[in-house]
1. Which percent of Cα-Cα pairs in the range 216-272 sits in each 5 Å bin, short to long?
2. Restricting everything to alpha-carbon atoms, can you work out Rg to Rh for the range 16-139 with a Kirkwood hydrodynamic radius?
3. Any idea what the relative contact order of the chain is, in percent, if you count C-alpha pairs under 8 Å spaced at least 6 apart?
4. Give me the three principal axis extents of the range 161-257 from the C-alpha atoms, as integers in angstrom, largest value leading.
5. How many percent of Cα pairs in the range 247-293 exceed 11 Å?
6. Once you put a point 7 Å from the Cα of residue 35 and another 7 Å from the Cα of residue 251, both along the Cβ direction, what distance in nm separates them?
7. Just to be sure I understand: with springs between alpha-carbon atoms less than 10 Å apart, which residue in 325, 267, 302 has the highest mean-square fluctuation in the Gaussian network model of the chain?
8. Among 77, 255, 100, which one shows the highest mean-square fluctuation when the chain is modelled as a Gaussian network with alpha-carbon springs under 10 Å?
C-alpha cells in the first residue's frame, strides 16, 4: 500500500488545519463579546460563527434575549446529508459533523428564538438539534426592484441567473440546457452573475464547459455588480433561472420576480416551497438540463404565458414578500422571546 502513508498524512494535516481555524474563530468570537453594548435587550445574530459570541455574552448578561436568524443550519445541509453515508473515505467528515452537532446543540441552549427562511431549514433544525424555529420568509424592496414599463426586444430572449459560484448552484445544467435550446434553432443569450472568488475551481470548470460546448458567443459571466447594476440586469432580461440543488432559499429569485421576470427554479430550493407551478413560476427537478431546456422553450413559444407568469410573480411579491411584511413577522418573533 504505497499511497496509504501520504493519504493518512494529508488527512491529518486537514484535521490539524480545521482545529487551528476553529481556534482562531473562537478567539475572534470572544473578542467580539466585548464590542457589544452591554445594555442590549435583543441580539439578532445571523452567521453561525457568532453563536459562540452570543453564548458568552448571555452568560455574562443573562437578561439579554438571543433571536438567531438561521440562513442555513450550522453544519450545512450538504455536509449533513453526505455524512450520513458511512464509508471509510468519509470517516473524518462524519466525525467532524458529529463534533459540530454536539457543539451547536450546546451553543443553541442560550438561544431564545430562531427564525428561518424556509420549512426545510425549520425541519432540519428540529431533526438535528431539536430546536423549534419560525419561518419568516424574506423581503425585498419593491420600490427598487420593479419591472420596466417599456417592452423588451423579443427577437433574442435574454436569460439571467445570479448567485455566488458554488457547485450546488449547478450552472453546468444551465449551460447544457442552453446548448440543447440552441440546437433547436432558438435564439437566446445567457448572463450568469456570480463571484468566483470563494470557489475558483468551480468557476474554471464552468468556463471550460462553455468553451468545450462552443457557447462563448451565447453565455457571458459577470463576477460581481452593485445593487443598481443588478436591478438593471433584472429589468433588462426576459427569464430568470435558478438551477440550484438543495439551496436553502433564493433571494435572487424574489428580486427577479419583483422585477416581473418569469422564473424557472429547482424544486429542492427553499424558495420553491412558496411558488406555484405554471402560475408564479416553472418548477423542475434539479440536475435535469433536458427539462430545463423544455421549460425555456415553453416560455419562448408562449410569450403571453411568459408575460402572465412574470406579472403573477410581481403581484405575489407585492402581497407577500415586502420588507414591511417581513418586519412585522420579525417584530412578532422578538416580542415573543
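All of the numbers you see were taken from the coordinates with simple rules; none came from a lab. Please read all numbers here as calculations on a predicted model, not as lab measurements. Positions of Cβ are generated from backbone atoms using ideal geometry, with glycine treated the same way; all protein chains shown enter the neighbour counts.
1. Going out from 0 Å in 5 Å bins, the range 216-272 shows 4, 18, 24, 24, 21, 7, 1 percent.
2. 0.99
3. With pairs under 8 Å counted, the relative contact order is 17 percent.
4. 33, 29, 23
5. Summing the P(r) of the range 247-293 above 11 Å gives 65 percent of all pairs.
6. Between residue 35 and residue 251, the label points sit 2.0 nm apart.
7. Ranking 325, 267, 302 by mean-square fluctuation puts 302 first.
8. The residue with the greatest mean-square fluctuation here is 100.
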